[in-house]
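Undergrad: Quick one: the structure is below, and I'll ask about it shortly.
The values are calculated or read from the model by the stated rules, or taken from the named source; none is laboratory data. Predicted, not measured: the structure shown is a model, and the values here were computed from it. Cβ atoms come from the backbone with ideal geometry, glycine included; neighbour counts cover every protein chain shown. When the accessible area is computed, the model is the full protein with side chains, heavy atoms only, and any ligands, DNA or RNA have been set aside. Shrake-Rupley method; radii C 1.70, N 1.55, O 1.52, S 1.80 Å.
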Amino acid sequence: MKIYRTTSGVVTEVDGVLYRINEPSWDQLITHDNLRAHVQGLIQNADRLNGSVVESLLPPIGSQEVWAAGVTYFRSRDARMEESKSAGGGDFYDRVYHAPRPELFFKATAHRVVGPGAKVAIREDARWSVPEPELVLYINPGGKIAGYTVGNDMSSRDIEGENPLYLPQAKVYDRSCALGPCLLISEKELPASTEIKIEIRRGDKNAFYGSTTLKEMKRKPEELVEYLYRASSFPHGCFLLTGTGIVPPDSFTLQAGDEISITIPPVGTLTNVVG
């Protein structure tokens, strides 16, 4: 089951069939204790739709905060250690990779998040900017993983690499996060074989391609959720980016006009342009 937030309301896809469902607000919908059962009930009186929802998609977020986990893949650990080596911060990333407590940080409020087809941003004062393709958890107010979406955690690697304490500036700015295309509602956790792929197009050329699987993630999603909810409440639920296992080479930096497509097969593809 997939739920889409669109310019004309909420649309649900079940077995390839689209339904427009009547719900007062996105927040009210996705905070239900049993979201799947609630949506199945709404479908009984919903109208079927013909065509596609692609052109009217909004990010699947209402009043939720977006948080992120860092250094959850070995590839990310290596990249962070290398970029911060000259600043003397490389050891921090190795420590957090092996530590019981994960790295968790605030990423965005809803107004800094863009959806499918919208423009993501790179900081004007950054020289080295990359996308970070990630599986995103939607966690309900009770701390249960209720859904999944695709995320792009835009990052300024040179700013974070200069000093790890600059991470909020490297990570948190307008249009620094993209979510979409939908919220996948599944009763089962995604298998370790689930693939995450990214393709970056520059003009008519492929500027970068990479892939990984959830098998490469060191920490379980439930572990990240448990730490996030230990001392914080989220009355509207929360989105949590689970880290990246795909890092472009050091010679690569994003440019205006680059098209970024991130695919997680059970969820779909999130495409954005840098601008």
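Undergrad: Against the condition open to solvent by less than 40 Å² (accessible area, probe 1.4 Å), farther than 23 Å from Met1 by Cβ and among the aromatic types (Phe, Trp, Tyr), how does Tyr209 come out, does it pass?
TA: no
Undergrad: In addition: Residues being part of a strand (DSSP E or B) and either in contact (Cβ under 8 Å) with a residue 60 or more places away in the chain or under 23 Å from Gly275 (Cβ atoms) (or both): count how many of those fall in the stretch 200-251. If you could, list the steps in order and put the result at the bottom.
TA: Restricting attention to the stretch 200-251, the residues satisfying the condition of being part of a strand (DSSP E or B) are 200-202, 205-213, 217, 238-241.
Pick out the ones that are also either in contact (Cβ under 8 Å) with a residue 60 or more places away in the chain or under 23 Å from Gly275 (Cβ atoms) (or both) and you get 200-202, 205-210, 212, 217, 238-241.
Result for the stretch 200-251: 15.
Undergrad: Can you work out which of the residues in the stretch 184-199 that are crowded, with 18+ Cβ neighbours inside 10 Å and out of contact with any helix residue (DSSP H, G or I) (no Cβ under 7 Å at 6 or more places or on another chain) is nearest to Ser56 (Cα to Cα)?
TA: So the residue we want is Leu184.
Undergrad: Applying the selection to the stretch 6-24, what residues are over 18 Å from Leu179 (Cα atoms) and assigned to a loop (DSSP other than H, G, I, E, B)?
TA: Ser8, Asp15, Gly16, Asn22, Glu23, Pro24, listed by residue number.
Undergrad: Can you name the residue in the stretch 15-31 that is surrounded by 15 or more Cβ atoms within 10 Å (Cβ to Cβ) and in contact with a helix residue (DSSP H, G or I) (Cβ under 8 Å, 6 or more places away or on another chain) and is also farthest from Phe239 (Cα to Cα) among such residues? Write out each step before concluding.
TA: To start, the set of residues in the stretch 15-31 that are surrounded by 15 or more Cβ atoms within 10 Å (Cβ to Cβ) comprises 18-21, 23, 26-27, 29-31.
Subsequent filtering for residues that are in contact with a helix residue (DSSP H, G or I) (Cβ under 8 Å, 6 or more places away or on another chain) retains 19, 21, 23, 29.
Working: Tyr19: 24, Ile21: 23, Glu23: 21, Leu29: 15 Å.
Per the stated criteria, the residue is Tyr19.
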